[in-house]
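Have a look at the structure below before the remarks.
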Amino acid sequence: MMKADKRDLEFAREIQIATELARAAGAVLLEHYYSPFLVEQKVNALDELEEVTAADREANELIVGRLQREFPDDGILAEESVDSEHRLDRNRVWLIDPMDGTKNFINRDGDFAVQIGLAVGGESVLGVVYQPTRATLYRAARNGGAWIEAGEKTAARMSVSNLSNPAEMVLASSRSHRSPRMERVVSAFGFKDETRRGSVGVKIGLIAEQQADLYLHLSPSTKQWDTCGPEAILAEAGGRLTDLFGQPLRYNGVRIDNRNGIVATNGAAHEMVTENLKPLLREFGREPV
């Protein structure tokens, strides 16, 4: 059950519908997950080859269809829908990844999530991330706090840690093979520990619930639907999400990728992390684009 918070009222209907949709889409994903399924290849909006399944498409259709009915004046940017310029003249835009972590779904390691975000005026204001295999849902709306619903437990409010010494901090990192540059960063910081998980939203959610303290993604491969919902959750838990250079992310642009990478932290460590990244980024020849 959702626990109401009086400060949620500005986006009360939106968060209710997004939460219902995330759970419904998660149920669709689980039906496919526990059955044989085909893995296809698709060319995404950036002309990259990616894996996709019927589960991605079915969950996408379910979410987009209802959002169009409930909020007909809003724009939509969804991973498995054809993008159009229609959204660019809309102040409110929904950003949807029906399954963040398709590789994890295919590998059947359980680390995938439904992600729904809402941006207003280019800023993330609402997010829901649901992990169906763990029955865990993170949700937040601006000024309403960040909440976790785990299994049958009552919704609990989340808040980030206040650690800022790398030797005490836990890094949320990817399950996949690590690049030499990421190895260099991890070595330079000397983090206390790491927790390896799949979905971007799951890793950022771990920071919100103090299971981790930061997450770094050096490459430009994340998309706006990977970060919009999670950013709202992290911000309401007291954390921060920016690009590698400390600049805020803007949503609903013509480009759908986060070209300058991302840094998610508990907030207390954010300036320390971005400052210490500067010489490493220069070493890698990385400049803001």
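Among the residues of segment 269-289, those that are in contact with a strand residue (DSSP E or B) (Cβ under 9 Å, 6 or more places away or on another chain) and surrounded by 17 or more Cβ atoms within 10 Å (Cβ to Cβ) comprise 269, 270, 273, 274, 277.
Listed by first and then second residue, the pairs with beta-carbon distance under 7 Å, at least 6 apart or on different chains, first residue in segment 234-258 and at positive phi, second open to solvent by 20 Å² or more (accessible area, probe 1.4 Å) and assigned to a loop (DSSP other than H, G, I, E, B), are 238/159; 238/160; 238/267.
Suppose we keep only residues that are on the phi < 0 side of the Ramachandran plot and not basic (Lys, Arg) within segment 259-268. Which one would you say is surrounded by the fewest Cβ atoms within 10 Å (Cβ to Cβ)?
Ranking the candidates gives 268 first.
Out of the residues in segment 165-179 that are open to solvent by 30 Å² or more (accessible area, probe 1.4 Å) and small (Gly, Ala, Ser), which is farthest from residue 194 (Cα to Cα)? Among those that are open to solvent by 30 Å² or more (accessible area, probe 1.4 Å) and small (Gly, Ala, Ser), it is 179. Among residues of segment 92-118 that are touching a residue at least 24 places away in the same chain (Cβ under 8 Å) and open to solvent by 10 Å² or more (accessible area, probe 1.4 Å), those with a Cβ under 9 angstrom from a residue that is basic (Lys, Arg) and assigned to a strand (DSSP E or B), sequence gap 6+ or separate chain, pair up as 101/197; 104/197. Answer with yes or no whether residue 194 is acidic (Asp, Glu), more than 26 Å from residue 106 (Cα to Cα) and open to solvent by 10 Å² or more (accessible area, probe 1.4 Å). Here the answer is no, as residue 194 does not meet what is asked.
Among the residues examined, residue 188 qualifies as touching a helix residue (DSSP H, G or I) at 6+ places or on another chain (Cβ under 7 Å) and surrounded by fewer than 18 Cβ atoms within 10 Å (Cβ to Cβ). On the stretch given as segment 111-158, residues that are of a type in the set (Gly, Ala, Ser), touching a helix residue (DSSP H, G or I) at 6+ places or on another chain (Cβ under 8 Å) and in a strand (DSSP E or B) total 9.
The values are calculated or read from the model by the stated rules, or taken from the named source; none is laboratory data. A quick note: this is a predicted structure, and the numbers were derived from the prediction, not measured. All Cβ positions, even for glycine, are placed from backbone atoms using ideal geometry, and neighbour counts span all protein chains on display. Ligands, DNA and RNA are stripped out before the accessible areas are found, and what is left, the full protein with its side chains, is counted by its heavy atoms. Shrake-Rupley method; radii C 1.70, N 1.55, O 1.52, S 1.80 Å.
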